[in-house]
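The values are calculated or read from the model by the stated rules, or taken from the named source; none is laboratory data. Owing to the predicted nature of the structure, the values given are computational and were not obtained by experimental measurement. Quick reminder, even Gly has a Cβ in these numbers, built from the backbone with ideal geometry, and neighbours come from all protein chains shown.
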Amino acid sequence: MTRCMDLLHHVRHLTGTLLTLLGDVVHFLRLCWRPSAVLAAENLFLRKQLAYYQERQVKPRRATDAARLALVWLGRWFDWRQALTIVQPHTFTRWHRQGFRLFWRWKSKSGRPPIPPDLQALIRRMALENPSWGEERIANELLLKLGLRVSPRTIRKYLPKRLNPGRGKRATPQRWRTFVVISTKSEQVLG
């Protein structure tokens, strides 16, 4: 029940934020029909701040997410440092950084698209047939022999699990079994 109420609250908050932003965008687009879009953006920026001043005389409260997004977006159209009056400049730049972080977090959720399946199979085959090669060597071989530029980090992603020792560990070119076989052969020769 509380989960449903929380979800409803978040949806209502997001809807309100989006509607407020949509209203600001529509208002801005109407102002853009005037000769100078820079002047229109600055005008709306100053009007928003004036509205917050009038609102705070009645009941002080923090700027909403929609207001922060609108001010940051409008601030990109002109030199906002001269027109900023409701918050400190470092607060405004913090809002901008938070929005930038949110954007890139959203953008990176999809991640990089996977490489083609035949190239994945080739990487696995090269790693299995050449156990002494690491990610760098496989990447270089692909570049030199086939002209395919693939990052070593991408190569690591597609290595078979038993050949991919993980980050920070070094892949040894020889297996333990090789050491045991060589040791027993040398004992036979010496003994």
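Quick one: in the range 123-138, which of the residues that are free of Cβ contacts under 8 Å to residues at least 12 places away in the same chain and in a helix (DSSP H, G or I) is nearest to Leu159 (Cα to Cα)?
Per the criteria, the residue is Arg125.
Checking Arg94 against (1) within 27 Å of the chain's Cα centre (by Cα); (2) modelled with pLDDT of 80 or more; (3) surrounded by fewer than 13 Cβ atoms within 10 Å (Cβ to Cβ), which test does it fail?
Status for Arg94: all satisfied but (3).
Which one is surrounded by the fewest Cβ atoms within 10 Å (Cβ to Cβ), of the residues in the range 1-42 that are polar (S, T, N, Q) and modelled with pLDDT of 75 or more?
Top of the filtered list is Thr2.
Of the residues Ile86, Ile115, which single one is surrounded by 10 or more Cβ atoms within 10 Å (Cβ to Cβ), modelled with pLDDT under 75 and of a type outside the set (Ser, Thr, Tyr)?
Ile86
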